[in-house]
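Presented below is the structure to which this report refers.
The values are calculated or read from the model by the stated rules, or taken from the named source; none is laboratory data. Note that this is a predicted model, so its numbers are computed, not measured. As a convention, Cβ positions derive from the backbone with ideal geometry for all residues, glycine included, and neighbour counts pool all protein chains shown. Calculation scope for accessible area: heavy atoms of the full protein, side chains included, ligands and nucleic acids excluded. Shrake-Rupley method; radii C 1.70, N 1.55, O 1.52, S 1.80 Å.
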Amino acid sequence: MAIELLREDGQSGRVDHIYRHDMESFIWVFIWICFQYNDGKMVEKPRPLDIWAKVDPSGCAEKKNDFLNRKLELPDHLTGANGGRVESFVSFLRHYLHARVQLALDLQMALRRQTEGDLTVDEQKDIKESITQLSQELIEESTESVFGKFTSVIVSRKYSRRR
């Protein structure tokens, strides 16, 4: 499941479930299968991602964020094309999700600054423009745009067997 939907806001229904959540979910399922299975059989315990299934939704979101924020270490059985795809998908998620988080933080800071009473007229105008721009950037991209970025990750990489 998409990280945003696993968080408290998502679990309580305050986040609309949209296409990009399904795309992100697909990537997480692909990563799960690649890490947990080898040649169609579940790998021996301890399996690398078992902890994701043993925590509540918020904990799972935290575990997925931790996964994205640390150095990617592929299991020994994950070689060749699937290893390359996992690396590409993780890179895609890192970029896409972190960019959205940064935009939200920038918007939050701009809104906080706007409430400060000691700003000049020019500073107020700049803050208002920043808020408008950041708000527009956080508006969802078109389905075609996001899907294009996603599919380019799949086809743009030349895969070779890891040694």
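Worth a mention:
- Using Cβ point charges alone (K and R +1, D and E -1), the dipole size of the chain about the Cα centre works out to roughly 1080 debye.
- For region 95-107, 3J(HN,Hα) computed residue by residue from phi via the Karplus equation (6.51, -1.76, 1.60; θ = phi - 60°) reads 5, 5, 6, 5, 5, 5, 5, 5, 4, 5, 5, 4, 5 Hz, glycine and proline entered as x.
- Solvent-accessible area per residue for region 1-133 (1.4 angstrom probe, square angstrom): 62
- Förster-model FRET efficiency, 35 Å R0, LEU105 and MET42, C-beta, rounded to 0.05: 0.35
- Share of pairwise Cα separations in the chain, more than 26 Å, in percent: 41
- For region 4-88, the set of trypsin sites (Lys or Arg not before Pro) satisfying both a DSSP loop assignment and a count of at most 11 other C-beta atoms within 10 Å is given as ARG14, ARG70, LYS71.
- Backbone geometry of region 60-70 corresponds, through the Karplus equation with coefficients 6.51, -1.76 and 1.60 at θ = phi - 60°, to 3J(HN,Hα) couplings of 5, 4, 5, 5, 5, 4, 4, 4, 6, 8, 10 Hz, x marking Gly and Pro.
- Solvent-accessible surface (1.4 Å probe) assigned to SER25 amounts to roughly 30 Å².
- Accessible surface of region 1-144 [probe 1.4 Å, protein heavy atoms]: carbon and sulfur percent: 51
- Folded to 0 to 90 degrees: helix 121-138 orientation relative to the chain principal axis, Cα: 30
- With a simple spin-label model that places each label point 7 Å from the Cα along the Cα-to-Cβ direction, the separation between ARG70 and SER91 comes to 2.2 nm.
- Long-range amide H partners of ALA2 with built H, under 5 Å: SER25
- Sequence-distant residues sharing a close amide H with ARG7 (under 5 Å, placed H): none
- Amide H contacts under 5 Å for TYR37, placed H, 5+ residues apart: VAL43
- Across region 24-30, computed HN-Hα scalar couplings (Karplus, 6.51 cos²θ - 1.76 cosθ + 1.60, θ = phi - 60°) run 4, 4, 4, 4, 5, 5, 4 Hz from first to last residue, x flagging Gly and Pro.
- Sorted into 5 angstrom bins from 0, the C-alpha pair distances of region 35-121 split as 3, 11, 15, 17, 17, 11, 7, 6, 5, 4, 3, 2, 1, 0 percent.
- Over the residues of the chain, the helix contribution to mean residue ellipticity at 222 nm works out to -21000 deg cm²/dmol, using -39500 (n - 2.57) for each DSSP H run of at least 4.
- Close Lys pairs in region 15-147, defined as Cα atoms under 23 Å apart and 8 or more places apart or on different chains, number 9.
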